[in-house]
């Protein structure tokens, strides 16, 4: 925007509100762009930074050379309906963008910044990268439109030379500064204003020769000047018109260069849409009353032919295409610079650079090279629909971001401009419908490209310098699911998964069991680490177990950690189980390591009894001092002698958690699972084997085999097939001396497992 020379150096300082707005804009950009704000950067106001580029982009080539054809095909009412639907979708999107722009520190990047700060850098980048490319390629499309108008005046000129010269002029203006570009747009606005005055003069001097009773209200959708015999339809004509409304982001793209983006983007964008809509409606009425439907559908240049000064309309056409190209070129460079500042694109550090005056010169170089290369292709008709689709994907994502924030009802969503929920919903629905009405195939391609970019960015683990609402979204979904689950029966064995409660007094307690815990819970289980400080090491223990929980998460297992200082190991762990009783995602198995001191054995018995009361399973891990877990190739799950009753039912006793634990480990180890039993009476062998095989079949343990010993357990324990891990049942009052003897007898690491009553191996 031009400097105001009317104020002298003796004028009083600016009011605090204006100064605060400027300071806030610089602070906002510093928070989002990753660079130190440049004090000498020119900042723009609402009129120059938003209203002018937005209005000039909407008043483009569609208005000058297609609106007459649209009215001729659809009739006055049909044409007004098309204009109303197109602007309605645009208005909903603009309201959604304006609402969220008043709730965040938007910084540079326009729509990209809005989406990234709402749904994360990955979603922002997946939309921003295709949008940048489409914005840059739109420059080429506008240059081609400018060339058509130029050749209408000078048909002997070389088309390629006109394109290259136009590009050089455009790039030179955009490269110098956005300030220079906006000054040029002021001149173009005067030219377009002169074209509209020419049309008004024609209306005043009698061009509107047909009365309202003589005009066609609903058209016959007859065809195009190139192919009059090819019938059209309402939605085909709508598809031709809709790109005219996709210029609403031209001002938002300048967000990083605005004095007060929270005010300028809503006011400037909505004002531009209102003025443009009024102009389109008035022109539709003028066209319907100034020419017959045959004349409107027979030539794309009816507006020029009916105007009072045809040359003024032609100048307006040239100015409209030139200004649209200029706004797109300036805006696309800023989108690329903003993505570079957030490390979203390759060579990000280089692209994020700004010149001393704040211009994104490096990003402009890349954008200029892309536009020039596309000029040499000479025909972008194949990808022209894709450009429109990426604009619509952006609109849809903006509306989706606002809809999500509105639905979550978070305290942080406090926009200065509040809109009803249905506005953002209609914007989202309208954008998606417009995509598939215009071209379903290209719409599908655009969505696939967007999802592909998202998948690549997710793998890069981008580190955003701002918060987004994804955590709130997932929490809201979890809360919704929790409420639904509470309405279901309490026993949900089919939904069971291992959620381990792991007590630690020192992080070294997990040194030998970390991988075992990981293999018990991966991939869908979880780990809750409870630190039980022995002295005054609460803070240091919290920090160290937080590191352990991060280590689990790095390996794909969800983990969290907390410290409970309740006066001792047993009391602390019991307090932890009691405190977690009301939690929705509560642990269902307490993981204990074999006590090294006999003085701790009574604590373990108290913990096991408390676990029974809380309906929490118990898993006691007893490592072999030498063998550890061996090669992790075989697992024995021991089943006690059930003679004489070997009937199988859903209630299989204290065996469910043992079987499920053995199965989980066998899957993650790729190990063989054996179900083993030892009989006091050899005559029971057939019944026992049949029981084990049915258990394997009903439990769907495809990697398991049955082994039956025909001698008592005390003798068979040393004769049974060797395993890297043996799993036994755990009594409510365990004899730890017996447990130690079993570890010695099997010459392997053992687990002793007690059911919670809420799991089922046969579910």
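Brief remarks follow.
Here is a yes/no grid of residues against (1) on the phi < 0 side of the Ramachandran plot; (2) at pLDDT 65 or above; (3) touching a helix residue (DSSP H, G or I) at 6+ places or on another chain (Cβ under 8 Å):
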{"residue": "413", "(1), (2), (3)": "yes, yes, yes"}
{"residue": "444", "(1), (2), (3)": "yes, yes, no"}
{"residue": "457", "(1), (2), (3)": "yes, yes, yes"}
{"residue": "471", "(1), (2), (3)": "yes, no, no"}
{"residue": "475", "(1), (2), (3)": "yes, yes, no"}
{"residue": "488", "(1), (2), (3)": "yes, no, no"}
{"residue": "504", "(1), (2), (3)": "yes, yes, yes"}
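- The single residue among 629, 657 that is in the same structural domain as residue 706 (by TED's automatic domain parsing), touching a residue at least 60 places away in the same chain (Cβ under 8 Å) and within 27 Å of residue 733 (Cβ to Cβ) turns out to be 657.
- Tally of residues being surrounded by fewer than 19 Cβ atoms within 10 Å (Cβ to Cβ) and either closer than 19 Å to residue 241 by Cα or under 40 Å from the mean Cα position of the chain (by Cα) (or both) across the stretch 268-292: 8
- Test: residue in the stretch 603-614 that is more than 28 Å from residue 729 (Cα to Cα) and surrounded by 15 or more Cβ atoms within 10 Å (Cβ to Cβ): no
- For the stretch 588-613, taking the residues that are modelled with pLDDT of 85 or more and in a loop (DSSP other than H, G, I, E, B), the one that is nearest to residue 558 (Cα to Cα) is identified as 588.
- Of the residues making up the stretch 684-702, those that are touching a helix residue (DSSP H, G or I) at 6+ places or on another chain (Cβ under 9 Å) and surrounded by 14 or more Cβ atoms within 10 Å (Cβ to Cβ) are 695, 699, 701.
- Boolean, residue 222 is surrounded by 14 or more Cβ atoms within 10 Å (Cβ to Cβ) and not in a helix (DSSP H, G or I): yes
- Selection status of residue 211, loosely packed, with under 14 Cβ neighbours inside 10 Å and on the phi > 0 side of the Ramachandran plot: no
- The residues of the stretch 415-442 that are modelled with pLDDT of 85 or more and either touching a strand residue (DSSP E or B) at 6+ places or on another chain (Cβ under 6 Å) or not in a helix (DSSP H, G or I) (or both), listed by number, are 418, 419, 420.
- If the condition is being in contact (Cβ under 8 Å) with a residue 12 or more places away in the chain and more than 17 Å from residue 612 (Cα to Cα), then the stretch 724-738 contributes 724, 725, 726, 727, 728, 736.
- Of all residues assigned to the stretch 112-121, at least one qualifies as being surrounded by fewer than 24 Cβ atoms within 10 Å (Cβ to Cβ) and under 28 Å from the mean Cα position of the chain (by Cα).
- Filter result for residue 580 (crowded, with 16+ Cβ neighbours inside 10 Å, under 36 Å from the mean Cα position of the chain (by Cα) and either in the same structural domain as residue 730 (by TED's automatic domain parsing) or under 19 Å from residue 665 (Cα atoms) (or both)): no
- Test set (1) closer than 23 Å to residue 608 by Cα; (2) free of Cβ contacts under 8 Å to residues at least 24 places away in the same chain - residue 560 fails condition number: (2)
- Looking across 562, 547, one residue alone is in the same structural domain as residue 614 (by TED's automatic domain parsing) and surrounded by fewer than 15 Cβ atoms within 10 Å (Cβ to Cβ). It is 547.
- Residue list for the stretch 349-360, filter: surrounded by 15 or more Cβ atoms within 10 Å (Cβ to Cβ) and assigned to a helix (DSSP H, G or I): 351
- Boolean, residue 124 is assigned to a loop (DSSP other than H, G, I, E, B), modelled with pLDDT under 85 and out of contact with any strand residue (DSSP E or B) (no Cβ under 9 Å at 6 or more places or on another chain): no
- Verdict on residue 706 being surrounded by 14 or more Cβ atoms within 10 Å (Cβ to Cβ) and within 45 Å of the chain's Cα centre (by Cα): no
- Number of the condition not met by residue 763 [criteria: (1) at pLDDT below 90; (2) in contact with a strand residue (DSSP E or B) (Cβ under 9 Å, 6 or more places away or on another chain)]: (2)
- For the residues 329, 270, 278, the requirement of being assigned to a helix (DSSP H, G or I), more than 29 Å from residue 123 (Cβ to Cβ) and either assigned by TED's automatic domain parsing to the domain that holds residue 391 or in contact (Cβ under 8 Å) with a residue 24 or more places away in the chain (or both) singles out 278.
- Unique match (being buried (at least 23 other Cβ atoms within 10 Å of the Cβ) and either over 16 Å from the mean Cα position of the chain (by Cα) or more than 24 Å from residue 253 (Cβ to Cβ) (or both)) among 425, 391, 413: 391
- From the list 589, 527, the lone residue that is in contact with a strand residue (DSSP E or B) (Cβ under 7 Å, 6 or more places away or on another chain), closer than 22 Å to residue 629 by Cα and without any contact (Cβ under 8 Å) to a residue 60 or more places away in the chain is 527.
- Here 192, 215, 188 are screened, and the one residue that is farther than 24 Å from residue 256 by Cα and either within 42 Å of the chain's Cα centre (by Cα) or outside the structural domain of residue 283 (by TED's automatic domain parsing) (or both) is 192.
- Residues located in the stretch 673-692, provided they are without any contact (Cβ under 8 Å) to a residue 40 or more places away in the chain and more than 15 Å from residue 655 (Cα to Cα): 679, 680, 681, 682, 683, 685, 686, 689
The values are calculated or read from the model by the stated rules, or taken from the named source; none is laboratory data. Nothing here was measured: the structure is a model prediction, and the numbers come from that model. Because the Cβ atoms are built from the backbone with ideal geometry, glycine has one as well, and the counts that use them run over all protein chains shown.
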